[in-house]
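Just passing along the structure, written as structure tokens.
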Amino acid sequence: MLKRNITVALTGVMLAITTISADAGLKLSDEKSGIGLEIGGRLQVMALFNDKDFKPNDDIDFRVRRGRLRLGITPHPKLSMFLQTEFADDVGGSGGDVRLIDAYINFKQSPWLQFISGLNMAPAQRQTLTSSGGLMAMDRPGITNYNLTWGMKGNTALQTGTVNGTQVGTFGDNQVRDMGVTLFGSGKVKEKTYFKYYLGMAEGSKYSDDTQRISARAQINFGDAEAGYYNLSTYLGKKETIGLGVAIDTQNSFATDIVTGEQVDYSLFTVDGFLEKPMGGGSLTLEAAYTKLDLGDTVNGLASQTGVALKSGTTANQAQGDGFYIQGGYLMGDWQPFLLAEQWSADAAGGVGSWDSVRAGINYYLKGHNANIKLSVENTSFDAAGVEDITTAAIGLYITY
């Protein structure tokens, strides 16, 4: 009897292994019960060459941009959990630190009614909901970081540096991700038309215990669907779709004006568009978004509820403002040249906090998003007088399973 049970179990495992998906890692599943297990990983290593030394006498920076292990478990067809770790460079020591960046449970009553609860990405912008395993222009646009738990700042040097004078220092207890719950749903509304929505409540700023962060996003696609919680920056010719999205991200009294002592409210509004279309033997990808950050027209620095400054020397109006990005790529076989242009106009006088950036490069896909090499050059210029441009070149190796 024992021998028979072992044989049945091994047979089940072997049948499950046949469902392995390269895009999603190793998947073991039982079709009858709906129970499953997913194991995957992501490693992105890069070398950066910068005309501003990263360290004294050091103009080349080798780094692990992302080093992740992930685990997904589905104990019930309506219930699943997801865990993901991240490697971070250690400061002042050897090796590095590993931390948990995702930890959530998804209760899926139906495709239209899902609750994602725990540590996850808030639905603030299309790019915050774009998987780092499916980016096109080497990394995300720099203006993505103006949302609440990403530091409220502009990023340069291919998302590895901060634009001076923009970071007001707002983070959550868990940087980038946030702790809370999101109501999510997606599905077909008519032939070749798909819709999905997000409504989230999270902790938001770690400097306020009195209010909650509220995020909402709606997206409609004509053609093929982008059905999941996360989108990609390019589908490598596997979709033909036009996507339109709008989002609002808010938290009242997230910080205090350091001079007046008054409470400061935060809101981030975005509208975005996406297109992927086969064209001329290849595939064209275009994406654009407009973002507006409102901090109540505060002109002073920000502080926590206890009066401690969030970021010395940076005022709120050096971040508050609006901007846009547009990026595009064209896939030809295994090669995809791309171009990204973005701009941020801050409300501070003298152009302080205002900047624009152009990024160009080419991707070589050995196996789609699972294995590729990316090369990029970026130039960031600043409106403030006396601030020199920053030019960065990078080559990166990317593996995702």
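The values are calculated or read from the model by the stated rules, or taken from the named source; none is laboratory data. As the structure is a computational prediction, the values presented were derived from the model and not from experiment. So basically every Cβ, Gly included, is an ideal-geometry build from the backbone, and we count neighbours across all protein chains shown. We work out accessible area using only protein heavy atoms, side chains counted, and drop any ligands, DNA or RNA first. Shrake-Rupley method; radii C 1.70, N 1.55, O 1.52, S 1.80 Å.
Testing the spin-label approximation: label points 7 Å from Cα along Cα→Cβ at PHE222 and LEU71. State their distance in nm.
Going from the PHE222 label point to the LEU71 one covers 4.6 nm.
Under 10 Å from the Cβ of VAL168, count the other residues' Cβ atoms, weight Lys and Arg +1, Asp and Glu -1, and hand me the total.
On the way: positive: LYS153, LYS311; negative: none.
Taking every Cβ under 10 Å from that of VAL168, the sum is +2.
Working with all protein chains in place, sort ASP224, ASP30 by solvent-accessible area computed with a 1.4 Å probe, largest first. All intermediate terms of the calculation are to be shown ahead of the outcome.
Values: ASP224 50, ASP30 75 Å².
So the residues, ranked largest to smallest area, are ASP30, ASP224.
Right, another one. 7 Å from Cα along Cα→Cβ at both LEU100 and ILE248: what's the point-to-point distance in nm?
About 3.4 nm separates the two model spin labels.
Now for a separate question. When all protein chains stay in place, what accessible area (Å², nearest 10, 1.4 Å probe) is found for SER110?
Approximately 40 Å² for this residue.
Still on this structure: Counting Lys +1, Arg +1, Asp -1, Glu -1, what net charge surrounds THR85 among other residues with beta carbon under 12 Å of its beta carbon?
Working: positive: ARG42, ARG66, ARG68, ARG70, ARG99; negative: GLU86, ASP97, ASP102.
Around THR85, the surrounding residues sum to +2.
Report, in cubic angstrom per residue, the convex hull volume of the C-alpha atoms of the chain. It would help to have the intermediate numbers written out before the result.
Working: hull volume 66.7 nm³, N = 401.
Dividing the Cα hull volume of the chain by its residue count gives 166 Å³.
Moving to a separate point now. When the solvent-accessible surface of protein heavy atoms is calculated with a 1.4 angstrom probe, in what order do TRP112, TRP335, TRP355, TRP150 fall, highest first? Present the calculation step by step, with values, prior to reporting the outcome.
Numbers: TRP112 95, TRP335 120, TRP355 0, TRP150 20 Å².
The most accessible residue leads, giving TRP335, TRP112, TRP150, TRP355.
Per residue, how many Å² of accessible area does the chain show with a 1.4 Å probe? Display every interim value, and only then the final one.
Values: 18210 Å² over 401 residues.
On a per-residue basis, the chain sits at 45 Å².
Give the relative contact order (percent, whole number) for the chain; include only Cα pairs under 8 Å separated by 6+ residues.
On the way: 1120 pairs, mean separation 53.6, N = 401.
RCO, the chain: 13 percent.
Here is a further query. Could you work out the local net charge near GLY204, counting Lys and Arg as +1, Asp and Glu as -1, over the other residues with Cβ closer than 14 Å to its Cβ? Could you put the intermediate results ahead of the total?
Numbers: positive: ARG177, LYS206, ARG213; negative: ASP173, ASP178, GLU203, ASP209, ASP210, ASP249, ASP265.
Here the count lands on -4.
Expressed as an acute angle from 0 to 90° and rounded to the nearest 10, what is the orientation of the C-alpha long axis of helix 2-17 relative to the principal long axis of the chain?
Taking Cα atoms only, the helix is inclined about 50 degrees.
Would you give the gap between the C-alpha center of the range 116-149 and the C-alpha center of the range 173-209, rounded to a whole Å?
Cα centroid of the range 116-149 versus Cα centroid of the range 173-209: 12 Å apart.
Please report the carbon-and-sulfur percent of the accessible area for the chain; probe 1.4 Å, protein heavy atoms only, DNA, RNA and ligands left out. Display every interim value, and only then the final one.
Details: 11180 of 18210 Å².
Reported share for carbon and sulfur atoms: 61 percent.
For LYS196, list the lysines whose Cα falls under 30 Å from its own Cα; do not include residues on the same chain fewer than 8 positions away.
LYS196 reaches LYS27, LYS32, LYS78, LYS108, LYS153, LYS188, LYS206, LYS238, LYS239, LYS277, LYS292, LYS367.
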